[in-house]
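First up is the structure itself, then whatever we jot down about it.
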Amino acid sequence: MVQDSAKREARAIDAAREKVVITGAAGAIGSALRQGMAERFRNLLLTDLRVPADAAAGEDWVAADIADRPALDGIMQGAAAVIHLAGAASSDLETLWRVNARGMFDVFEAAQVAGVRRIVFASSNHAHGSQPIGFPVSPDHLARPDGHYGAMKAYGELILRSYFDRYGIRSVSLRIGTYRPLPIDQRSLATWLSPADMVQLAERSLLHADPGALVVNAYSNNTHLKVARTYWDFLGYAPVDNAEEHREMLRGMGIDVDGDWEYPEHGGNFARDPELPARLISPPGR
Ligand SMILES: NC(=O)c1ccc[n+]([C@@H]2O[C@H](COP(=O)([O-])OP(=O)(O)OC[C@H]3O[C@@H](n4cnc5c(N)ncnc54)[C@H](O)[C@@H]3O)[C@@H](O)[C@H]2O)c1
């Protein structure tokens, strides 16, 4: 039985032996991690709403909704670390509340109760999405979310900060930019995060002996980064990809890659699009 008040040991995850849970493992980032990490991390427990059709032989899967707390409690048994990816992106607000706030809380809390030492969290650049584009962002600045999605990511970062102080759980919150196989638009010349660099970030976040409650910008080594690039050296992250190498590809797609930045804030269109109402007070027509 784990004592909540007991401080946990500051120690790297033993990749050969210790159990690492990945939530949202069927998604885009989860698929890159399960393929990219499997060789080194030998005890991955993968979970998502459904087991994907491309699940590889030998992969260990549990299908579960992160809104199902008893299922989460079972999944976390014996785990040393969790990589929490499950989430909704631009959904209706009720889904965001259920999955990105309550579900996230239950993932963290089930992990905490089960005694994990390390949590890696897929936060987002939308946690600082309202910062003006000319301002180099750093995790040292207060969060400045560009909407409820970003605010819930900042909430996750704060829960993990409190878990470090209360329980000694070490964590790394990754403020992921534009995760894609290749850059997709002008903004991603600054915000792209490649699959190889994402895998490296996840692995470094587990293998660092004592990251405290770290928040890092999660981008590739893009020439046009708009960040104060703090903590990458501390984490041991040395990104290998650069969106600039794909500028011609973007130009060939008819994207204006030479003009001023398209959006005045870091969060791009998220910072400009209207927020959805949480619920209609009364359905239209009644
Ligand atoms: N892709 C990006 O550019 C980007 C940028 C910033 C942050 N992120 C964050 O990274 C995480 C992963 O992103 P992704 O691009 O792989 O997204 P994705 O949509 O491809 O994957 C998310 C996964 O979460 C699962 N999921 C959703 N609701 C669930 C629930 N209730 N219970 C269990 N699983 C559930 C989905 O089935 C899906 O497989 C998300 O939390 C996202 O907010 C992504």
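For region 215-241, the set of residues classified as crowded, with 16+ Cβ neighbours inside 10 Å, outside any helix (DSSP H, G or I) and aliphatic (A, V, I, L, M) consists of V215, V216, A218, L225, V227, listed by residue number.
Counting just the residues of region 14-25 that are part of a loop (DSSP other than H, G, I, E, B) and within 8 Å of the ligand (Cβ to nearest atom), which one comes out surrounded by the most Cβ atoms within 10 Å (Cβ to Cβ)?
It comes out as A25.
Being more than 16 Å from the ligand (Cβ to nearest atom) and either of a type in the set (G, A, S) or at pLDDT below 95 (or both) is true for just one of A38, A28. Which residue is that?
A38
Within region 114-130, the residues that satisfy the criterion of being surrounded by fewer than 24 Cβ atoms within 10 Å (Cβ to Cβ) and at negative phi are A114, R117, S130.
Tally up the residues in region 202-213 that are crowded, with 23+ Cβ neighbours inside 10 Å and among the aliphatic types (A, V, I, L, M), please. Adding up the residues that qualify gives 2. Annotation note: Cβ proximity below 9 Å between a residue of region 228-248 that is free of Cβ contacts under 8 Å to residues at least 24 places away in the same chain and more than 13 Å from P211 (Cα to Cα) and a residue that is small (G, A, S) and buried (at least 19 other Cβ atoms within 10 Å of the Cβ) (sequence gap 6+ or interchain) occurs for N242/S194; N242/S220.
Here the strands (runs of 3 or more DSSP E) wholly within region 59-162 that include at least 3 residues being within 15 Å of the ligand (Cβ to nearest atom), modelled with pLDDT of 95 or more and among the aliphatic types (A, V, I, L, M) are 118-124.
Which one is farthest from F234 (Cα to Cα) among residues in region 191-214 that are in a helix (DSSP H, G or I) and either touching a strand residue (DSSP E or B) at 6+ places or on another chain (Cβ under 7 Å) or modelled with pLDDT under 95 (or both)?
T191
Can you pull out the residues in region 168-186 that are modelled with pLDDT of 95 or more and surrounded by 20 or more Cβ atoms within 10 Å (Cβ to Cβ)? I169, R170, S171, V172, S173, L174, R175, I176, G177, T178, Y179, P183, listed by residue number.
The values are calculated or read from the model by the stated rules, or taken from the named source; none is laboratory data. Source: prediction; values computed, not measured. Because the Cβ atoms are built from the backbone with ideal geometry, glycine has one as well, and the counts that use them run over all protein chains shown.
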